[in-house]
Each structure stands twice: as structure tokens, then as C-alpha cells.
1. Report the residue count in segment 359-380 for those that are among the aromatic types (Phe, Trp, Tyr) and either touching a helix residue (DSSP H, G or I) at 6+ places or on another chain (Cβ under 7 Å) or at pLDDT below 95 (or both).
2. So for segment 49-64 (the condition being in contact with a helix residue (DSSP H, G or I) (Cβ under 8 Å, 6 or more places away or on another chain), in a loop (DSSP other than H, G, I, E, B), surrounded by 16 or more Cβ atoms within 10 Å (Cβ to Cβ) and of a type outside the set (S, T, N, Q)), does at least one residue qualify?
3. Can we say Leu387 is among the aliphatic types (A, V, I, L, M) and within 22 Å of Gly24 (Cα to Cα)?
4. Starting from segment 82-98, take each residue that is in contact (Cβ under 8 Å) with a residue 40 or more places away in the chain and within 13 Å of Ala411 (Cα to Cα) and list its partners that are loosely packed, with under 14 Cβ neighbours inside 10 Å and hydrophobic (A, V, I, L, M, F, W, C), counting only C-beta distances under 9 angstrom and pairs at least six apart or across chains.
5. Go through segment 285-319 and report how many residues are modelled with pLDDT under 95, of a type in the set (Asp, Glu) and not in a helix (DSSP H, G or I).
6. Can you find even one residue in segment 387-400 that is of a type in the set (Gly, Ala, Ser), under 30 Å from Glu163 (Cβ atoms) and either in contact with a strand residue (DSSP E or B) (Cβ under 7 Å, 6 or more places away or on another chain) or surrounded by fewer than 22 Cβ atoms within 10 Å (Cβ to Cβ) (or both)?
7. Using the structure shown, decide if Ala404 is outside the structural domain of Leu378 (by TED's automatic domain parsing), of a type in the set (Gly, Ala, Ser), under 24 Å from Phe26 (Cβ atoms) and out of contact with any Cys (no Cβ under 7 Å at 6 or more places or on another chain).
8. Considering segment 457-493 alone, what residues qualify as being modelled with pLDDT under 80 and assigned to a helix (DSSP H, G or I)?
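The values are calculated or read from the model by the stated rules, or taken from the named source; none is laboratory data. Keep in mind that what you see is a predicted model, and the values were worked out from it rather than measured. Because the Cβ atoms are built from the backbone with ideal geometry, glycine has one as well, and the counts that use them run over all protein chains shown.
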Amino acid sequence: MPGNRQNDPDGLRLPIKIDSTSNGEFKPIPLTRANHEANHRALILASENARKTAQNRRSFLISSCGAATTLLAMNQVNAAAGKTGGYFALPGAAAFEPDLAAAKLDGDEFIFDVQGHYVDPRGAWLKQIPEFAKPYSGMPKADCDLYYEGDPMSYLDCLGPREFIKDIFLDSDTDLMVLSFVPSTADAEPVTIEAAAATRQIIDELEGSKRLLLHGRVNPNQPHDLERMEQLAATWGISAWKTYTQFGPNGQGYYLSDDVGLAFIEKAQQTGVKVICVHKGLPLGRNSYEHSQCKDIGVVARLYPDMAFIVYHSGYVAGKPEVAYDAAASRDGVDTLIKSLLDNDVAPNSNVYAELGSTWRFLMREPDHAAHVLGKLLKYCGEKNVLWGTDSIWYGSPQDQIQAFRAFQIAPELREAHGYPAITPELRANVFGLNATVPYKISAAEVQQHTRADPLHARKENYRNDRNPHFATYGPKTRRQFFDLLRRNRGERT
């Protein structure tokens, strides 16, 4: 059997993965009837188009035409449901004409993903886990062929660094990624700074280029986190700080504009690492909802103009309806970010950046919401200040998110009514990677010069001759799986 059929021999997994998967930070939200219908229609059309092009369905689905077929099916069903505010701008013939599909869905943009994750399969954090706990075992990828019965925790190797490299750098067009952190205490991190650095070293040694940047995790309302910042910066060569304002002792969060938050920012200034990535939106629970809001962002951006603030998830709250910004309305989520910027006279394209990890992944299934969220962020944060992030590995390879964004367009009616920009090739290239080069102070041309001449690039070109994407997502897909993940990761009995 060819390698490209091993993962899904019957061709039942769609290349654009519209499902209820969560990144583990919010409860999975069931698909709508339109989402289910679009997936069903895409499989039917894939079978028809595979026959037209004399391919089996699996081979067709891993082609650009397979992705185009899925996106076109979504267009058809969404339009029938009255969802026309956003759409995937593809000619119908792209479903079976490879050159047309490639022109729209393949690309050579510099793609800099500023939010990636993986799980250290052999880390010290496992010592904090009771014997009965099986953290992350509910993820589909955890039953890969790296598991063997002699080691009950070996399933975690399915989520480790080498699988991470395949998902991110072989099965997607990603050039560069920031390896970030999940909320945790220092002694219970699923990936420590040491493990993150080791993963970067794997890529450096085996592939010959620096494709991973590292965050330093800081929660300043926890003991010792502020004190260890200088050591993190000096030892590990971190590129930015990552913090969760929703997270802290006894579930109590903080604001960047609080005394503890201001002390954190000033400490970051002293280290010379002047980029702060702050998780906003996607509340971690009922008690964290308040500190998920973005009212502090504009305040600190005005106080510290030499600092860059990257707002992870852009303050988005999954499942909340998104419409045009209205200053008179009292809404949460993305609108709290916009209000904070306006209230504090923080101009577009200044020192606040909106990041799309998990946000775009969810919005792919809701085109009207996607049009408003992207339109608002581009208008108020600035076309130079919206950053690409995918929150992968939780959603599997990010290639489907890349392809969907390459095709997405805001309807002319919404652009005219609300002053949203058209999503041009230049704007896409900026969002995909060029915008992030400013706060991270890197040269896209220099990075591409190295990455497109390194052994990983050559390995990727060879891999494309017999691609083997799995089209699977890893995170919890139901409320039960979500709460089970929380219990397992905390070591609670189920």
C-alpha cells in the first residue's frame, strides 16, 4: 500500500478539518447542522471528483483539489444557510483542475506561526501525575504505532518532538514557529523550557536550521516566577514571555495593569526581552472569565510604548456571535480588545498585536463570524498587527488552516458597510508571517534563505512525492473528553 494511504486508506477524513476539537482551554462546541451538512457534502463531492480525475478517494483528498472540493462544499452549504458574510474565493473548477486549485491553495509565503505546542513525552512533569492518571491519552494520535504495552506511558511519544516536526514542518507550509506553553506551575509543566530547548536542538542538529523560537513562561502572581525571569532570558535565549492572566494561585488571575502585572512588565524591560504574549479570551473556567477580558491591554500599551504586547487568541470567546464593533454595545471577547485600544488612544499598527491561534481555527466553520472578527482586527489593531498562529498540535497539522486562510475573503457588502479591508495577497502574506518579524526582530528574507536551503527543506520536497498526512485532530471533541482531560492532567480519579 502506498505511504499516502496508510493513515486513512478509505479516504474518509477531509483535508479541511471542521470538527468540534478544542485546544483543551475551552469546552468543545458541537458542530452546527450546516457544518455537518458541509462535511457530508464534501465527502460526496470528493468521491465524484476522484472518479472524474481517475484517482481513489484518499489520493484525491490529499491533493489541492481535495482541499478545494471541501472548501467549495462549505461555500455551498453556508450560502444556502444564509451565511454569506465570508466565503472561500475559489473557482468551481478548482475542485478537479489541479493547476487552478494549486494557484489558490498552494503558496510560497513566509509562514511564521507564533503559537505552537507539543507535549514532552518523558518530562519531569510526569512525576507529579498519580499512577492511575493517563494525561492526554484521549487524543486520537495517542494510539499511534509508537505505543507499546511494556511502557504504559509510551503513548505520549505519539505527541513528542519528532511527531511534532512531521506535523508542523513536513505536512504544512510552516517555515518558523514559536514553541509556547500551557498554564501550569513551574514543577508541573507538560513541556518545560529545558524540553522546549531540546526540541529546538533536535531540529537544529538533524535539519540544520533554527526553525523554532522559544517563550519563557511567567505567571507573576505565582511564587518565584518573577525572580526566575533573568535566568530564563540569560540561559535559554527566549524570544518572548508567555503569561496567562487567568491563571494563578487558587484560580485567581490578574491584570497586566495590576501592581503584579506592572512589576512583570518592568522586569521584562530589564531583561531586554520586550515582547509579552498574553492569553486573552478562551476562558479557562468560570472563575477566569473576568481576567480573560482585554481591558488592561490598552492601558499597558500606552504606558509602555517600547514593549510589544501580543494578545493570544485576540480576546476571542469561542461560540459567541460576532458582529461589527459598536462602542455603545457591551460585549465581551474581541470587542473588549478594541474598546481598550480606543479608550487608551492606541493607534492601529502600534505596539498591540492580535494573534489568531484557535480563533481562526474556530472561525473557519462560521464564515460570517470570521468576516467580522478578521475585519475588526485588521481595522482596529492594524493590517500590520494581526499575527498568524494555529495552536497546533492540538488541531493536528496546521495545513488546513493555512489553505483556508489563503482562500478566505470578506464579502464586499461587509467591507463597504464597516470599513473592513479586502484580504489581498499582500495582506495575507503580512498576516502569515511578515507582521510577526517586527516584534520578534527577525528578517524573513534571512530566515527563508536558510530554511529553503536546509536539509529539512530537501526532506520535505522528497516527502511530497508520497505524502502521508493523517488529517486528524488531537484535542478533546466532546464535553466529556474535555473534562476527562482536565481530570487526567490533574491526576483526579474518574
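1. 2
2. yes
3. On the way: among the aliphatic types (A, V, I, L, M): yes; within 22 Å of Gly24 (Cα to Cα): yes.
Yes, satisfied.
4. What qualifies is Tyr87/Ala79.
5. Result for segment 285-319: 0.
6. yes
7. Spelling it out, it is not the case that Ala404 is outside the structural domain of Leu378 (by TED's automatic domain parsing), of a type in the set (Gly, Ala, Ser), under 24 Å from Phe26 (Cβ atoms) and out of contact with any Cys (no Cβ under 7 Å at 6 or more places or on another chain).
8. Gln481, Phe482, Phe483, Asp484, Leu485, Leu486, Arg487, Arg488, Asn489, Arg490 - these are the residues of segment 457-493 that are modelled with pLDDT under 80 and assigned to a helix (DSSP H, G or I).
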